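Notes to accompany the following structure.
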Amino acid sequence: MPPSTDHPRVIPPRESRRILLAAQGLATPPATRSGPVSVQRLIERLGFVQVDSINVLERAHHLILQTRLESYHHETLTGLLEKDRSLFEHWTHDASLIPTRWYAHWKPRFARYADRADRNAWWHERLGGDPAPLLKRIHARVRVDGPLRGRDLEDERSEDGGGGWWNWHPGKAALEHLWRVGKISIAGRARFEKLYDLAERVHPEAHARSKPSIAEHLEWACHTALERLGVATSNEVAAFWKSIPNADARAWCDAAVTRGEIESVVLEDLDGKRRPAYATEASRRLARIEPWADELRLLCPFDPVIRDRQRLARRFAFDYRFEAFVPAAKRQFGYYVLPILHGERFIGRIDPKFDRATDTLSVRGPWWEPGCGGREHQKQLKTATNRLATQIGAASWQFSD
């Protein structure tokens with residue numbers, strides 16, 4: 001890639017939309033192959049998939065994968081996590097499933113988290129004023145009795161009587177702390193409840209690898225982020241893994257431009273504002289891909305394309321708010337609203353809920369964007385809703401008031 005010139009390439013909104021959708025696997029029809037190799041490759045392409053406890057429709061990680069894989073099955077992902085161990089669960093911007101080949105790059109995060117937690121009043125309140133004895137005791141119990149669930153440690157108390165938070169009695173809080181600092185890992189889940197075991201037993205090879213240097217981690221974080229975004233500002237690069245400071249990301253990007261590895265560009269927003277950004281060589285090819293528009297796609301609220309609300313507004317002119325934690329009377333649309341993607345445009349939203357007692361998918365809405373919602377869109381929405389119902393195992397579906 002040639003070095004940047006004094007007149008960097010301007011990437012208009014339509015191109016930046018196409019680059020992001022193509023980089024994140026939403027520019028082509030759902031893949032017909034959905035076996036372990038395909039699922040692993042997709043997660044590596046995305047970088048990670050977010051895990052969330054809300055199950056009013058389907059778990060977030062399954063929805064994200066179902067959108068991109070035609071015949072995806074839950075068991076395939078479970079096998080990768082709990083048998084092959086080619087994925088592990090930890091934090092990016094939130095709890096996520098991540099390729100295990102990158103496990104070593106979580107070691108700097110483990111160390112930072114341990115340092116913060118030692119000085120954090122929130123954790124001391126839950127673990128007690130002197131958490132070391134409790135953490136040592138819980139770690140020993142996992143070594144002897146693991147894998148363990150939080151409920152298996154309800155009898156544990158900190159020496160000064162530290163209290164719980166939600167379900168977080170001191171034993172549960174200790175497990176979460178030990179997981180976040182990398183001493184234990186999530187070995188599996190039973191009805192979505194975490195099972196914890198020693199990290200060296202769950203991921204022995206990955207656990208044994210050395211922690212990367214600061215320079216190695218910075219190179220990995222920026223390179224892999226930009227590769228999965230195609231074009232981004234330095235702050236967007238830093239936010240992808242949420243593992244490096246914005247200033248470090250900007251310094252790396254500028255140095256990579258000088259080396260001719262990436263290109264310095266200008267991102268143009270829909271309102272005409274322009275921001276300095278960086279692009280990969282592949283972004284030129286991705287910008288030429290005509291997004292698949294034969295059907296509508298219903299995206300999970302935690303889909304990586306949806307995650308950055310400001311980017312969504314700047315590039316797609318779509319104002320989206322996740323309202324699950326908004327009081328019901330103040331919600332504009334609903335509890336678990338799915339944006340509707342058609343080609344490179346978000347054309348509306350629906351609020352679905354799976355009533356498992358009656359095996360029925362009930363859908364409120366749709367709420368269409370201006371100029372959308374004609375007969376063809378309505379027909380395509382019925383097809384997309386039927387596909388969603390089939391994927392989550394609903395026997396029937398219906399639109400409701």
*Six or more apart or on different chains, Cβ under 7 Å: which pairs go from a residue in segment 200-221 that's among the charged types (D, E, K, R) to one that's open to solvent by 50 Å² or more (accessible area, probe 1.4 Å) and assigned to a helix (DSSP H, G or I)? Could you list them?*
Glu200/His207
_Failed criterion for Leu299 (all others in (1) open to solvent by 40 Å² or more (accessible area, probe 1.4 Å); (2) of a type in the set (A, V, I, L, M, F, W, C); (3) in contact (Cβ under 8 Å) with a residue 40 or more places away in the chain hold)_ = (1)
_Output for segment 302-312, where each listed residue is open to solvent by 10 Å² or more (accessible area, probe 1.4 Å) and either touching a strand residue (DSSP E or B) at 6+ places or on another chain (Cβ under 9 Å) or free of Cβ contacts under 8 Å to residues at least 12 places away in the same chain (or both)_ = Phe302, Pro304, Arg307, Gln310, Arg311
*Hits in segment 218-237 (condition: open to solvent by less than 10 Å² (accessible area, probe 1.4 Å) and in contact with a Cys (Cβ under 8 Å, 6 or more places away or on another chain))*: Cys222, Leu226, Val237
*Which residues, taken from segment 221-280, are closer than 15 Å to Pro13 by Cβ, among the charged types (D, E, K, R), assigned to a strand (DSSP E or B) and over 26 Å from the mean Cα position of the chain (by Cα)?*
Arg274
*Criterion: at pLDDT below 95 and either open to solvent by less than 30 Å² (accessible area, probe 1.4 Å) or within 27 Å of the chain's Cα centre (by Cα) (or both) - qualifying residue of Arg119, Arg149*: Arg149
*Which of the residues spanning segment 319-371 are of a type in the set (Phe, Trp, Tyr), open to solvent by 30 Å² or more (accessible area, probe 1.4 Å) and under 23 Å from Leu26 (Cβ atoms)?*
Phe322, Phe333, Trp367, Trp368
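Which of the residues that make up segment 241-273 are of a type in the set (Phe, Trp, Tyr) and open to solvent by 10 Å² or more (accessible area, probe 1.4 Å)? Give the derivation first.
So in segment 241-273, the residues of a type in the set (Phe, Trp, Tyr) come out as 241, 252.
Answer for segment 241-273, where residues must be of a type in the set (Phe, Trp, Tyr) and open to solvent by 10 Å² or more (accessible area, probe 1.4 Å): just Trp252.
The values are calculated or read from the model by the stated rules, or taken from the named source; none is laboratory data. Computed from a predicted structure; not experimentally measured. Positions of Cβ are backbone-derived with ideal geometry, glycine not excepted, and every protein chain shown enters the neighbour counts. Calculation scope for accessible area: heavy atoms of the full protein, side chains included, ligands and nucleic acids excluded. Shrake-Rupley method; radii C 1.70, N 1.55, O 1.52, S 1.80 Å.
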